[in-house]
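Asks: One structure is given below, represented as structure tokens, and several questions about it will come after.
The values are calculated or read from the model by the stated rules, or taken from the named source; none is laboratory data. All of these numbers come straight from a predicted model, not from anything done at the bench. Cβ atoms come from the backbone with ideal geometry, glycine included; neighbour counts cover every protein chain shown.
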Amino acid sequence: MKRRVGGGWLAAAAVTVSALAGTVPAQGAQAADVTVPLREAIGRLDVAVGDRSGYDRAREFGSGWTDADRDGCNTRAEVLLAEALEAPSVSGRCTLTGGTWFSWYDGQEVTLTDIDHVVPLAEAWDSGAKAWTRERRVAYANHLDDPRHLEAVSQRSNRQKSDQDVAQWLPQESVRCRYLSYWVPVKLSWSLSVDESELQALDSLADGCPETAITYAPVA
């Protein structure tokens, strides 16, 4: 597990999402082997009907954040430390106090944040995670090897988004290319499908992001 600190990565590998048309580069995600234009990346997504039957977040994805490297900081704390504008103080076994974060979903600087799975757990379940082992689902819920996977955002935007896909919810217009440049590689890296309405939304949104490129690699 790579430890994220101060917005960067101590063990950085070479992944870059082109910072064009409003996108922001993902720095040092997992080692990558494919870079393609956004529209081509969308075309590589499998299309299937979503199936939420049997979904139970705690049972299927774990009841809480894990601490994979056993340093005392769980996944939530790792993301907060990585993405802080003003770093929180750390005491004891990674108790965080204070700090500020920029929630790019809605352009707000906040002191209270939620950690958002860019592709929500329920959406992942619908899109293929139902067939995974529970171990892989817990790994997905706590994935830190790609900084596009988890984001510190305002509680308001996280609750508005909930478990919706891009056909149902989007962040503020100015960062939608960035949002697609996170959403699409997560889906591709984890071999998650899209349904027809999601695909149509991605295709339509891609018109506004003509210079955006996607780098991704399958997650073992």
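Asks: Is it fair to say D195 is of a type in the set (D, E, K, R) and farther than 24 Å from N142 by Cβ?
Replies: On the way: of a type in the set (D, E, K, R): yes; farther than 24 Å from N142 by Cβ: yes.
Answer is yes for this residue.
Asks: Of the numbered conditions (1) exposed (fewer than 13 other Cβ atoms within 10 Å of the Cβ); (2) part of a loop (DSSP other than H, G, I, E, B), R59 satisfies every one except a single condition; which is it?
Replies: With (1) exposed (fewer than 13 other Cβ atoms within 10 Å of the Cβ); (2) part of a loop (DSSP other than H, G, I, E, B) applied to R59, the lone miss is (2).
Asks: Can you tell me which residues in region 91-139 are surrounded by 15 or more Cβ atoms within 10 Å (Cβ to Cβ) and among the aliphatic types (A, V, I, L, M)?
Replies: L96, V110, I115, V118, V119, L121, A122, A124, A129, V138, A139
Asks: In this structure, does S193 turn out to be more than 18 Å from A213 (Cα to Cα), in contact with a strand residue (DSSP E or B) (Cβ under 8 Å, 6 or more places away or on another chain) and of a type outside the set (A, V, I, L, M, F, W, C)?
Replies: On the way: more than 18 Å from A213 (Cα to Cα): yes; in contact with a strand residue (DSSP E or B) (Cβ under 8 Å, 6 or more places away or on another chain): yes; of a type outside the set (A, V, I, L, M, F, W, C): yes.
So S193 passes the test.
Asks: Output yes when any residue across region 189-203 is within 16 Å of D33 (Cβ to Cβ), within 17 Å of the chain's Cα centre (by Cα), at pLDDT 95 or above and not small (G, A, S), and no when none is. I'd like the intermediate steps shown before the answer.
Replies: Looking only at region 189-203, we keep the residues that are within 16 Å of D33 (Cβ to Cβ), and these are 189-191.
Checking the rest, the ones that are also within 17 Å of the chain's Cα centre (by Cα) come to 189-191.
Remaining after also requiring at pLDDT 95 or above: 189-191.
Retained after the next criterion (residues that are not small (G, A, S)): 190.
For region 189-203, residues within 16 Å of D33 (Cβ to Cβ), within 17 Å of the chain's Cα centre (by Cα), at pLDDT 95 or above and not small (G, A, S): present.
Asks: For Y216, state whether it is in contact with a Pro (Cβ under 7 Å, 6 or more places away or on another chain), closer than 18 Å to L144 by Cβ and of a type outside the set (K, R). Outline the logic, then answer.
Replies: Details: in contact with a Pro (Cβ under 7 Å, 6 or more places away or on another chain): yes; closer than 18 Å to L144 by Cβ: yes; of a type outside the set (K, R): yes.
When the stated conditions are applied, Y216 passes them.
Asks: Scan region 114-138 for residues that are outside any loop (DSSP other than H, G, I, E, B), of a type in the set (G, A, S) and in contact (Cβ under 8 Å) with a residue 24 or more places away in the chain and jot them down.
Replies: First, the residues of region 114-138 that are outside any loop (DSSP other than H, G, I, E, B): 114-117, 121-126, 129-131, 134-138.
So of that shortlist, the ones also of a type in the set (G, A, S) come out as 122, 124, 129, 131.
Hits for region 114-138 are A122, A124, A129.
Asks: Follow-up question, since we're still on this one. What's the number of the condition A77 fails, among (1) assigned to a loop (DSSP other than H, G, I, E, B); (2) without any contact (Cβ under 8 Å) to a residue 24 or more places away in the chain; (3) crowded, with 17+ Cβ neighbours inside 10 Å?
Replies: The failed condition is (1).
Asks: Give the residues of region 145-187 that are of a type in the set (A, V, I, L, M, F, W, C) and either surrounded by fewer than 21 Cβ atoms within 10 Å (Cβ to Cβ) or in a helix (DSSP H, G or I) (or both), sorted by residue number. Full working, then the answer.
Replies: Step one: list which residues in region 145-187 are of a type in the set (A, V, I, L, M, F, W, C), which gives 150, 152-153, 166-167, 169-170, 175, 177, 180, 183-184, 186.
Correct list: A167, W169, L170, V175, C177, L180, W183, V184, V186.
Asks: Looking at region 170-188, which of its residues are of a type in the set (S, T, N, Q) and under 14 Å from the mean Cα position of the chain (by Cα)? Working first, answer last.
Replies: Initial filter on region 170-188 (of a type in the set (S, T, N, Q)): 172, 174, 181.
Correct list: S181 only.
Asks: If you check L205, L180, which single one turns out to be in contact (Cβ under 8 Å) with a residue 24 or more places away in the chain and over 28 Å from V138 (Cβ atoms)? Working first, answer last.
Replies: Details: L180 fails: over 28 Å from V138 (Cβ atoms).
Just a single option satisfies the conditions, and that option is L205.
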